[in-house]
Amino acid sequence: MYVTPIKRFMQGLYGVGTAGALGLALSQNGQAVPQYVAEHPSAVWLVGPFFAAVTGLAFKEGACYGKPEAVALFFVTPLLLLGHLTGLVPEGAEKGLLLTFVALCTVFAGRKWTQAIKDDIGDKSVFMYQALPVEEQQRLDAERSVRH
């Protein structure tokens, strides 16, 4: 994520969701968090922010790199969690969504693991631009707008 406020927001969601999962893990006398969430749909409120961050990451990866599994994760993740939270998705379909989610995450992780670092870093000019003083950024922006 190149835009710092979006990056911080996603990190915040990750942290809140992780804290929710940790809180569940510590308060449920050894019951696994996924099992607890499966049995108590309202617990999605505690772990959901983590998955919101995953959805944001999937959007970025799908939009920037054109990864079909990331695009699919962008849709499957909220459908799975909101479907479970609301009870609007039948149990069989929910299990199918969960299997799809796991398969997509596996493909995504495998492709990310084998992606060349230079490709993962992307366009470094964004970082160079962000490192410039505000006045220089404004000057470059003005030059670009004149050319277009």
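Worth pointing out:
- Out of Leu88, Leu80, Leu24, Leu73, one residue alone is open to solvent by less than 30 Å² (accessible area, probe 1.4 Å) and more than 18 Å from the chain's Cα centre (by Cα). It is Leu24.
- For region 28-57, a residue qualifies if it is among the polar types (S, T, N, Q), at pLDDT 95 or above and in contact with a Phe, Trp or Tyr (Cβ under 9 Å, 6 or more places away or on another chain), and exactly one does: Thr55.
- Residues that are of a type in the set (A, V, I, L, M) and open to solvent by 70 Å² or more (accessible area, probe 1.4 Å), drawn from region 39-56: Leu46
The values are calculated or read from the model by the stated rules, or taken from the named source; none is laboratory data. Predicted, not measured: the structure shown is a model, and the values here were computed from it. So basically every Cβ, Gly included, is an ideal-geometry build from the backbone, and we count neighbours across all protein chains shown. To get the accessible areas, we keep the full protein, side chains included, count just its heavy atoms, and leave off ligands, DNA and RNA. Shrake-Rupley method; radii C 1.70, N 1.55, O 1.52, S 1.80 Å.
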